[in-house]
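The values are calculated or read from the model by the stated rules, or taken from the named source; none is laboratory data. These numbers come from a predicted model, not from an experiment. Here the Cβ positions follow ideal geometry from the backbone for every residue, glycine too, while neighbour counts run over all protein chains shown.
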Amino acid sequence: MPTEFDPSRVRREFPILSSRVNGQPLVYLDNAATTQKPRVVIEAISQYYKRYNANVHRAAHALSAQATTAFEQVRRNLAEWIGATSTDELIWTRGTTEAINLVAQSYLRPRLKAGDRILLMECSHHANIVPWQMVAEICGAEIDVLPCADGEIDLELFKRLLSRQPQLAALTHTSNALGSVFPIEQMCALARAAGVPTLVDGAQALPHFDIDLARLNCDFYAFSGHKLFGPTGIGALWARRALLESMPPWQGGGEMIEHVSFAGTRFAGLPFRFEAGTPDISGVIGLGAAIDYLRIQDRESFERHEQQLLQHALACCATLPGFRPLNAGHDRVSLISFLIDGLHPQDIALWLDQQGIAVRAGHHCAMPLMSALGIPGSVRASFAFYNTLDEVEKLAQALDQLIRSQHSQISLPQAITADQAQLDRVHQAKGWNERYQALMALGSSLPDLPQEWRRDEYRLHGCESRVWLINTLDDCGRLACRADAEGRILRALLALLLESVNGLTPNEVLALDLPGKIAQLDLQRHLSPTRGNGLNAMIDALLQFARVSQPTT
């Protein structure tokens, strides 16, 4: 009988997990975006720079020899771990995205003709969509899409799409937005029977379970190190040797050559012909330490614990009013994407951040999936083996507190109008927590912009959710701007900006030092980088309107 897994043992091996955010113990639930790193990974990178920092494959001195030995040993360990038959089949890349682009440009593009087809999955990450769109546009090819917004695959439909003889089927092992684990072995077997090559995006799979390439029987497999408890900026592409040998190099430069003259170049053999320039040596060393760490763990117990976290999260959140998970399927990794009625995902994520809980909000680089679901985005809480049941309960408790506060705000008198008293609360707040509560109330109370004015021509780009800004002057030549946004915080920021500029002439706005006035509220320090960029975009748009609206002399 399996022993009960104790996450407290492994948590001590991850230094960042003992930190605090916004005065609260960190609850890190954004593992699908990037995982945290164990001490052995951090130390391996540090030791490389301290003890044997040198370029690989090139010099005759001892440091280079030591670096090269360590660098290539990682390739051997990785090949063994995932079941590759040869280290020549493993190409170092910056991550899954670069690996897929390499296949798109080096394998598919030379083979693609006008009228050819490429088969994609509806739930794919943008990295497994956009590169194929780019080569399809260049070559005049067409794209077919396999529906899977419900987290399930219709294998009969998949077979029918394969019968159209696509030049490649780009598959997703595990959805980063739904958590669904797809039947890749069956899908690759069907594709092979139809004579269709397959690429599998494994970025979200390897962090949760081991793979065996011989069983998967795909043609290309790509993954990223930073989702695998390793460093950022490093990943790998595995491909069948025969395919790699048929592919021209994608990038040219040092390392990938055997001989260069002005008469021509002879390229190096595998895998080096696809690794132009100095590689990310420290990244490979760190990834090797992450792989070594995982290989000595009982990953089956990790998986059981992660599934326990998932089920506990679903059970704790099921009673929350308006809580709606996107995927109700059973075959998935420890990830939940959800919505809460009446609350924008960005507002939920910001609220959780104030409680020290890190989640992801938005489209998760899966906009076609969100469109198929009829939503702009969701909140995603993704778990790793170092998360605890207590952290799951903190997530549910924080959501419950947010929902209760939302209901109380809706019942307030005059909740449909933003009056001066609410604006004053924001300006007079003492400390960020009080100001945040005032901002949420202000954003909730603003009147909605009529639907007919929510047009693309008024969309303000550069914000993490949709913002509409209608810049106009009144009959006296003073600013009379209107705005709206999907998130309450963004609505509140718009209210503060419009309060500052509406009723002023363009010259008065330009003399106002609007950025300085907003900076006095100390918002940027507490906003996420993307939300801070959105605030800057709003300010820039208003100032640009004031500039072009100045009266001519």
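Spot the failing condition for P231; the list is (1) within 20 Å of Y49 (Cβ to Cβ); (2) out of contact with any Leu (no Cβ under 9 Å at 6 or more places or on another chain); (3) not in a helix (DSSP H, G or I); (4) not hydrophobic (A, V, I, L, M, F, W, C), and only one is missed.
(2)
Would you check if Q66 is out of contact with any Pro (no Cβ under 9 Å at 6 or more places or on another chain) and surrounded by 15 or more Cβ atoms within 10 Å (Cβ to Cβ)?
Working: out of contact with any Pro (no Cβ under 9 Å at 6 or more places or on another chain): yes; surrounded by 15 or more Cβ atoms within 10 Å (Cβ to Cβ): yes.
So Q66 passes the test.
Does L171 count as closer than 17 Å to P368 by Cβ, of a type in the set (A, V, I, L, M, F, W, C), in the same structural domain as H208 (by TED's automatic domain parsing) and in a loop (DSSP other than H, G, I, E, B)? Reasoning before the result, please.
Details: closer than 17 Å to P368 by Cβ: yes; of a type in the set (A, V, I, L, M, F, W, C): yes; in the same structural domain as H208 (by TED's automatic domain parsing): yes; in a loop (DSSP other than H, G, I, E, B): no.
No, not satisfied.
How about region 245-277: which of its residues are among the aliphatic types (A, V, I, L, M) and either under 20 Å from Q105 (Cβ atoms) or part of a helix (DSSP H, G or I) (or both)?
M247, M256, I257, A268, L270, A276, listed by residue number.
Could you identify the single residue in L108, L102, L78 that is of a type outside the set (S, T, Y), farther than 21 Å from V181 by Cβ, in contact with a Gly (Cβ under 8 Å, 6 or more places away or on another chain) and in a helix (DSSP H, G or I)?
Of the residues listed, the single one that is of a type outside the set (S, T, Y), farther than 21 Å from V181 by Cβ, in contact with a Gly (Cβ under 8 Å, 6 or more places away or on another chain) and in a helix (DSSP H, G or I) is L78.
What pairs come out if I take residues in region 534-551 that are within 14 Å of A511 (Cα to Cα) and surrounded by fewer than 14 Cβ atoms within 10 Å (Cβ to Cβ) and pair them with residues that are at pLDDT 85 or above and among the polar types (S, T, N, Q) whose C-beta lies under 7 Å away, six or more apart or interchain?
Q550/N507
I'd like the residue in region 34-62 that is assigned to a helix (DSSP H, G or I) and within 13 Å of I281 (Cα to Cα) and, out of all such residues, is nearest to the chain's Cα centre (by Cα). Walk me through how you get there before you give the answer.
Narrowing region 34-62 to residues assigned to a helix (DSSP H, G or I): 39-51, 62.
Subsequent filtering for residues that are within 13 Å of I281 (Cα to Cα) retains 44-49.
Details: A44: 26, I45: 24, S46: 27, Q47: 30, Y48: 29, Y49: 29 Å.
So the residue we want is I45.
Out of the residues in region 234-244 that are part of a strand (DSSP E or B) and within 19 Å of the chain's Cα centre (by Cα), state the one that is surrounded by the fewest Cβ atoms within 10 Å (Cβ to Cβ).
Looking only at region 234-244, we keep the residues that are part of a strand (DSSP E or B), and these are 235-239.
From the residues that got through so far, the ones that are within 19 Å of the chain's Cα centre (by Cα) too are 235-236.
Numbers: G235: 27, A236: 29.
It comes out as G235.
Among the residues of region 125-147, write down those that are outside any helix (DSSP H, G or I) and within 25 Å of the chain's Cα centre (by Cα). So that I can check it myself, show each step before the final result.
Initially, region 125-147 is screened for residues outside any helix (DSSP H, G or I), giving 125, 129, 140-147.
Listed by number, the residues that qualify are H125, I129, I143, D144, V145, L146, P147.
For region 501-514, does any single residue satisfy the condition of being assigned to a helix (DSSP H, G or I) and within 32 Å of the chain's Cα centre (by Cα)?
Filtering region 501-514 for residues assigned to a helix (DSSP H, G or I) gives 501, 506-510, 514.
Within this subset, residues satisfying the condition of being within 32 Å of the chain's Cα centre (by Cα) are none.
No - not one qualifying residue is present in region 501-514.
Search region 461-470 for residues being part of a loop (DSSP other than H, G, I, E, B) and surrounded by fewer than 19 Cβ atoms within 10 Å (Cβ to Cβ), and hand back the single one that is modelled with the highest pLDDT. Let's see the steps before the verdict.
Residues of region 461-470 part of a loop (DSSP other than H, G, I, E, B): 461-466.
Going one step further and asking which of them are surrounded by fewer than 19 Cβ atoms within 10 Å (Cβ to Cβ), we end up with 461-462, 466.
Working: H461: 77, G462: 70, R466: 84.
Ranking the qualifying residues of region 461-470, first place goes to R466.
Give region 235-272 a look and list any residue that's within 11 Å of W92 (Cα to Cα) and touching a strand residue (DSSP E or B) at 6+ places or on another chain (Cβ under 6 Å), or say none.
First pass over region 235-272, keeping only residues within 11 Å of W92 (Cα to Cα): 235-238, 271-272.
Scanning region 235-272 gives G235, A236, L237, W238, P271.
D150 passes all but one of (1) in a loop (DSSP other than H, G, I, E, B); (2) surrounded by 21 or more Cβ atoms within 10 Å (Cβ to Cβ); which number fails?
Result: D150 fails condition (2) only.
Could you tell me which of the residues L402, L395, L412 is among the aliphatic types (A, V, I, L, M), at pLDDT below 95 and assigned to a helix (DSSP H, G or I)? Break it down into steps so the answer makes sense when it comes.
Values: L395 fails: at pLDDT below 95; L412 fails: assigned to a helix (DSSP H, G or I).
Answer to the selection: L402.
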